[in-house]
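Structure first, then comments.
The values are calculated or read from the model by the stated rules, or taken from the named source; none is laboratory data. Computed from a predicted model, the values in this text were never measured in an experiment. A quick note on method: Cβ atoms are made from the backbone with ideal geometry, for glycine too, and the neighbour counts reach across all protein chains shown. Just the protein is used for accessible areas: all its heavy atoms, side chains included, with ligands, DNA and RNA removed. Shrake-Rupley method; radii C 1.70, N 1.55, O 1.52, S 1.80 Å.
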2 protein chains.
Amino acid sequence: MDARRRSLLEATLDCVAEYGMNGASARRVAERADVTAGLIRHYFGSKDAMVSAAYGYLIGQLTSEADEAAEQGGAAPEQRLARFIVANVTAPNLSPRKVALWATFIGRVRTEPDYADIHRESYREFLVLLETLIHPLLLVLKRPADPVTCQHYAIALNALIDGLWLEGGLGHGLYDTALLPRIALSAAEGILALPANTLMQHIDAPSMSSQHVTR
Amino acid sequence: MDARRRSLLEATLDCVAEYGMNGASARRVAERADVTAGLIRHYFGSKDAMVSAAYGYLIGQLTSEADEAAEQGGAAPEQRLARFIVANVTAPNLSPRKVALWATFIGRVRTEPDYADIHRESYREFLVLLETLIHPLLLVLKRPADPVTCQHYAIALNALIDGLWLEGGLGHGLYDTALLPRIALSAAEGILALPANTLMQHIDAPSMSSQHVTR
DNA sequence: CTTACAGTTATACTTTCGTATAACAAGGAA
DNA sequence: TTCCTTGTTATACGAAAGTATAACTGTAAG
């Protein structure tokens, strides 16, 4: 039974999100998970191992949710891409908590190999997924779709998505995050040089309601 | 004389970049700055105050460098915008160290008011700067340039810049960061619906050399 | 019934943390 | 000269850190 393991991971994420890496001490995490600190050793070997495992756990949540968004719904290339983009700038993926967690962990990628491995793999996965969404779309539109072109588009789109996700999640309150899907799709159409509304027409609810950002 | 103060801030950034927030202990920072830990109290009151001051110090470096890039050179709107964008995806602003530092601090923005203040202010400044670069460009091209339009463009451009800066600084090694200026300008032209090469023509060295990413 | 093992707690140990305090050096003001 | 302020070190203290160890469950196997 690894329900305990998962509950320790969630407790770790809770502590990191709320108190930062400093505040995610073994005792505090254990208390949050309603166990004693000794269990950390039992399940993860060390506290550091638990924290990096929590990073992997978080990334898994993020990517699987985006994956699923692209899968469901119609199979038209432009619709799949639109769903994927929107899913990344909408709850539950767009959440201040998740953005804060991601940032905290990303800060350790450069100097700690465990984090670097997790990051590199998930980034590669994201880029590949984007390319496989872009490629058929270019083909349908009878545009050049060589790998290099697809990669460049994927890099730019990934940057746009990351950036908007960050902006939205940080929620500096300078604008309404309900605008993000439209801004994202419109910018993506520009980056890919698509006819206007190619992506935009697939927005779920063109209304101005419901800005469900989990805090 | 606040040379001491600055050297403590730099030492703090060094420690945070290398060991993360956990590793930036009062003793370690003091040792790096060749002083004893007591001085931290003298200059900043507490260790936490020193660390958040270091965040402000870092943000100051980043924004002032981008500011200056936009100032220098010709005054044509498209040239100013191009320079600004390129400066943000090129060394010295594009550096793995700075990205890692930024991420580490950003992770604390949501829950710690000191960080939130610094962040909000710098973000607003960045958005305003982008809008003042976009507005005259739209006017020159006889395009609609109302505030809302400018703001939406600024949000998308800021996301693109942030995202590419992040991708480049994280340096996952999946592509050459020398490509970033071209990718950035091309994507920006798309987002703003500019005629091709409006921005791209202002790239400094169209060669394929020199990828000076400070590590 | 006993054995053995995984899950879990309680506790104790060492290190490191942040910071308070007292003292010392240097320099300008009185 | 004396005095006060500022910059700085040395040191000490309590709290909290990570983790090792031993003991106490329960449950499934023999």
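Figures for the structure shown
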{"item": "Residue match in the range B:113-129 (condition: in a helix (DSSP H, G or I) and in contact with a Phe, Trp or Tyr (Cβ under 7 Å, 6 or more places away or on another chain))", "result": "yes"}
{"item": "Out of A:A69, A:A54, A:A91, A:A75, sole residue that is away from every other protein chain (no Cβ under 11 Å), free of Cβ contacts under 8 Å to residues at least 60 places away in the same chain, among the aliphatic types (A, V, I, L, M) and in a loop (DSSP other than H, G, I, E, B)", "result": "A:A75"}
{"item": "For A:L62: the one exception among (1) within 29 Å of A:A49 (Cβ to Cβ); (2) within 14 Å of chain B (Cβ to nearest Cβ); (3) of a type outside the set (D, E); (4) assigned to a helix (DSSP H, G or I)", "result": "(2)"}
{"item": "Single condition A:A3 does not satisfy, out of (1) within 9 Å of DNA strand C (Cβ to nearest atom); (2) at pLDDT 95 or above", "result": "(2)"}
{"item": "Failed item, numbered, when A:A87 is tested on (1) open to solvent by 30 Å² or more (accessible area, probe 1.4 Å); (2) over 19 Å from B:F105 (Cα atoms)", "result": "(1)"}
{"item": "Pick from the range B:160-195, criterion open to solvent by 10 Å² or more (accessible area, probe 1.4 Å) and among the charged types (D, E, K, R), ranking: farthest from the other protein chains (Cβ to nearest Cβ)", "result": "B:D176"}
{"item": "Residues that are within 9 Å of DNA strand D (Cβ to nearest atom) and crowded, with 19+ Cβ neighbours inside 10 Å, drawn from the range A:31-75", "result": "A:I40, A:F44, A:M50, A:V51"}
{"item": "Among (1) under 22 Å from A:P195 (Cα atoms); (2) crowded, with 20+ Cβ neighbours inside 10 Å - the single one A:H119 does not satisfy", "result": "(1)"}
{"item": "Residue match in the range A:10-27 (condition: within 16 Å of DNA strand C (Cβ to nearest atom), surrounded by fewer than 20 Cβ atoms within 10 Å (Cβ to Cβ) and more than 14 Å from chain B (Cβ to nearest Cβ))", "result": "yes"}
